[in-house]
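Written out below as structure tokens is the structure these notes cover.
The values are calculated or read from the model by the stated rules, or taken from the named source; none is laboratory data. Everything numeric here is computed off the predicted structure, so don't read it as measured data. So basically every Cβ, Gly included, is an ideal-geometry build from the backbone, and we count neighbours across all protein chains shown. For accessibility, only protein heavy atoms count, side chains too; no ligands or nucleic acids. Shrake-Rupley method; radii C 1.70, N 1.55, O 1.52, S 1.80 Å.
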Amino acid sequence: MAFSAIYFLDNKGQILIEYFGDLEQESIKDNFILIYELLDEIMDFGYPQITETTILQEYITQEGYKLKKGAPRPPAAVTNAVSWRSEGIKYRKNEFFVDIIESINLLVNTRGCIVHSEILGQILINCCLSGMPEVSLGFNDNALFNQNSSTVKANMVDFEDIKFHSSVRLSRFENERVISFIPPDKEFELMSYRVTNRVRPYIVVEAALQKYSHSRMEITTKVKGQFKNNIMATDVEIIIPVPSDASSPRFSTVKGSVEWAPEASAIIWTINSIKGGKEFVMKAHLGLPSVEAEEPEAKPPIRVNFKIQYIAASGLQIKYVRIIEKGCYEATSWVRCLTKSGDFQIRI
């Protein structure tokens, strides 16, 4: 109940922003009548009714500030329990797209130990369905959503900080662990979550620095795909920091391309794709001033960017997508997964 109140207040603020911009004292005074009418529509007898701006804009326009006599009849969605979806939606081809997108935040210290790790995930929907469909999503059995559980087995995935779209029937999810909802039209975020108990680095990067006298240095960097060999990481980018006074760079590698970025004091190693289990090496030779600085520079971390299609880092899987609509049409559902780097840092 407390979460519903917070979600309602957040949506109310977004509605006001979409109607007249920033929430400043003067803008609130100038739009007092419009705000009063919006509040009258989005809440009825103390219960939230309409929280979707697209529905509100069908009968309260920016120019109209207040409803007038003889105004067009409010759309059916206003009087329905489903305020986030209009009736009469039609598609020639009925399709339902589900995207599981997860970002890995990782910090590895100089000894190669993980000191911080988490997965931030979201389930995005693109609904192209006619009518008023009822959709149900079922998850794999080892997905654990009970945050009060004191013990988590080795093969279980514990999901935290779960947030749902207002269309989700929370009672059914709590009882059956099934997400059941009547979806809004087009794109929206169905669910967001965080995972901390099952995080592993899919891309492993090791760097060794060797200085020769005080005039030059060599950085040897290894990268390995730590996943199955039938999976591929794409758009791999490894950003290696170097001293700000380094110069005369020379690079050698058998995979990808290396770019010298003096304005960022970094070397950028770009690899189009890496198959699971494959390892590649890049060597960089740099010149240094003959005189060392009195105090060594703080070493920034190596930053890694990548994308891996077809897998979710948390192990979350959607076992089934069921679509029921009184029109009994055939609908096609698509489920896609993407794991990508978030704040991925490796100290050297």
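Before moving on, here are some points about what is shown:
- Of everything in the stretch 105-136 that is among the hydroxyl-bearing types (Ser, Thr, Tyr) and open to solvent by less than 50 Å² (accessible area, probe 1.4 Å), the residue that is nearest to the chain's Cα centre (by Cα) is 117.
- Here 192, 166, 149 are screened, and the one residue that is at pLDDT 85 or above, not in a strand (DSSP E or B) and not aromatic (Phe, Trp, Tyr) is 166.
- Take the conditions (1) open to solvent by 50 Å² or more (accessible area, probe 1.4 Å); (2) modelled with pLDDT of 95 or more; residue 296 misses just one of them, which is (2).
- Residue within the stretch 184-202 that is open to solvent by 50 Å² or more (accessible area, probe 1.4 Å), β-branched (Val, Ile, Thr) and more than 30 Å from residue 91 (Cα to Cα) present: yes
- Being open to solvent by 10 Å² or more (accessible area, probe 1.4 Å), within 14 Å of residue 312 (Cα to Cα) and modelled with pLDDT under 95 is a property that residue 155 lacks.
- Checklist (1) assigned to a strand (DSSP E or B); (2) of a type in the set (Phe, Trp, Tyr); (3) more than 13 Å from residue 221 (Cα to Cα); (4) in contact (Cβ under 8 Å) with a residue 24 or more places away in the chain applied to residue 329, failing item: (1)
- Boolean, residue 248 is more than 27 Å from the chain's Cα centre (by Cα), part of a strand (DSSP E or B) and more than 18 Å from residue 281 (Cβ to Cβ): yes
- Count - residues of the stretch 63-97 that are outside any loop (DSSP other than H, G, I, E, B) and either at pLDDT 80 or above or of a type outside the set (Val, Ile, Thr) (or both): 5
- Pairs where the first residue, in the stretch 332-348, is under 14 Å from residue 124 (Cβ atoms) and modelled with pLDDT of 95 or more and the second is open to solvent by 70 Å² or more (accessible area, probe 1.4 Å) and of a type outside the set (A, V, I, L, M), C-beta under 7 Å, 6+ apart: 337/310; 338/307; 338/309; 340/307
- Taken over the stretch 307-326, the residue count meeting the criterion of being open to solvent by 50 Å² or more (accessible area, probe 1.4 Å) and not β-branched (Val, Ile, Thr) is 8.
- In the stretch 267-293, residue modelled with the lowest pLDDT [restricted to those that are crowded, with 16+ Cβ neighbours inside 10 Å and farther than 18 Å from residue 218 by Cβ]: 276
- Put simply, of 50, 100 the only residue that is open to solvent by less than 20 Å² (accessible area, probe 1.4 Å), assigned to a loop (DSSP other than H, G, I, E, B), β-branched (Val, Ile, Thr) and modelled with pLDDT of 70 or more is 50.
- Count of residues meeting criterion [open to solvent by 50 Å² or more (accessible area, probe 1.4 Å) and in a strand (DSSP E or B)] in the stretch 334-348: 5
- Residues of the stretch 254-269 classified as farther than 22 Å from residue 299 by Cβ and either part of a strand (DSSP E or B) or over 29 Å from the mean Cα position of the chain (by Cα) (or both), total: 3
- Matching residues in the stretch 214-244 - criterion: being without any contact (Cβ under 8 Å) to a residue 60 or more places away in the chain and exposed (fewer than 13 other Cβ atoms within 10 Å of the Cβ): 228, 229, 230, 244
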